[in-house]
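What follows is a structure written as structure tokens; I'll ask about it next.
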Amino acid sequence: MARNLLSVQPDTHIAAAAQLMRENGVRRLPVVRRKDAELVLLGLVSATDLYQAFPSHVNPFAAPALGADEPQGLIEQIMKHEVVTTTAETPLEDAASVMLDAKIGALPVIRDGRLIGLITESDIFRALISILRDHAGGVRVTFSTSEDEDVFEVLADRTRHRKVKVLSLVSCRREGSTTYVVRMVGPEIQQTIDDLWHSGHQVLNVLQHSPTVRVGA
């Protein structure tokens with residue numbers, strides 16, 4: 001989650017909130033009341049809320065200043081008062097499920113009634129990438145097992161005596177079956193994959209990852 005948050009207060013002018021979003025490249029701002037050194041969450045304002053507050057012919061995030069076309073209202077008039085929140089102790093997958101079910105792009109993080117952070121869909125993506133991709137390169141293998149098998153035993157039996165290191169393992173259950181994505185490095189990965197095939201496990205995908213990716217010429 002992001003901890004150093006940009007925020008606004010209910011009496012912030014709408015145009016000022018749009019400028020704050022534009023200058024910092026963010027799409028949503030918690031609306032807070034300061035209590036001593038802490039923040040109490042009152043609501044949330046998004047880029048969509050600001051688009052709807054401005055005249056239809058005006059882009060609220062375009063520079064320079066908008067002058068006469070700026071709305072004169074305050075954030076409290078357009079902010080969402082009912083906000084879905086989470087806690088710092090919530091498992092990441094549960095937070096992602098809440099965001100998906102509620103069709104929202106962010107969750108304020110609350111502890112003891114105060115705002116301590118914000119987790120967004122981008123944070124979820126970064127966490128997923130960190131799990132599935134390793135900068136050391138290696139090979140990502142997707143395979144299936146039967147329902148009564150222990151996947152750790154399956155992998156241990158095929159890597160114990162080989163020069164292979166398992167970096168990560170992720171499971172995915174869909175339509176009554178379970179597939180696993182394992183990332184491995186080592187000189188005997190192909191032999192390990194062959195062992196999986198010969199033992200009756202269906203290898204669905206093998207993907208070689210390079211340590212670096214370059215963009216452009």
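Pick from region 112-136 the residues that are over 27 Å from L50 (Cα atoms) and surrounded by 12 or more Cβ atoms within 10 Å (Cβ to Cβ): which of them is modelled with the highest pLDDT?
Among those that are over 27 Å from L50 (Cα atoms) and surrounded by 12 or more Cβ atoms within 10 Å (Cβ to Cβ), it is A127.
Let me ask you something else. Which number in (1) over 18 Å from G117 (Cβ atoms); (2) over 21 Å from the mean Cα position of the chain (by Cα); (3) not β-branched (V, I, T) marks the one condition that A47 misses?
Only one criterion in (1) over 18 Å from G117 (Cβ atoms); (2) over 21 Å from the mean Cα position of the chain (by Cα); (3) not β-branched (V, I, T) is unmet by A47, namely (2).
Restricting to region 67-103, and then to whatever is touching a helix residue (DSSP H, G or I) at 6+ places or on another chain (Cβ under 6 Å) and in a loop (DSSP other than H, G, I, E, B), can you tell me which residue is modelled with the lowest pLDDT?
Here the answer is E70.
Take A88 and tell me if it is assigned by TED's automatic domain parsing to the domain that holds G113 and without any contact (Cβ under 8 Å) to a residue 40 or more places away in the chain.
On the way: assigned by TED's automatic domain parsing to the domain that holds G113: yes; without any contact (Cβ under 8 Å) to a residue 40 or more places away in the chain: no.
No.
Only one of L50, L6, L74 is surrounded by 12 or more Cβ atoms within 10 Å (Cβ to Cβ), more than 16 Å from I110 (Cβ to Cβ) and touching a Ser or Thr at 6+ places or on another chain (Cβ under 9 Å); which? Can you show your working first?
Numbers: L50 fails: touching a Ser or Thr at 6+ places or on another chain (Cβ under 9 Å); L6 fails: touching a Ser or Thr at 6+ places or on another chain (Cβ under 9 Å).
Result: L74 is the single residue among L50, L6, L74 that is surrounded by 12 or more Cβ atoms within 10 Å (Cβ to Cβ), more than 16 Å from I110 (Cβ to Cβ) and touching a Ser or Thr at 6+ places or on another chain (Cβ under 9 Å).
Counting only residues that are modelled with pLDDT of 85 or more and surrounded by fewer than 15 Cβ atoms within 10 Å (Cβ to Cβ), how many does region 168-184 have?
Total meeting the criteria: 3.
Does V170 qualify as being more than 30 Å from R33 (Cβ to Cβ) and assigned to a strand (DSSP E or B)? Spell out how you get there, then give the answer.
Numbers: more than 30 Å from R33 (Cβ to Cβ): yes; assigned to a strand (DSSP E or B): yes.
Taking the combined requirement at face value, the residue satisfies it.
The values are calculated or read from the model by the stated rules, or taken from the named source; none is laboratory data. This one's a predicted model, so the numbers in the text were calculated from it and none came from an experiment. Here Cβ is always computed from backbone atoms with ideal geometry, including for glycine, and neighbour counts include all displayed protein chains.
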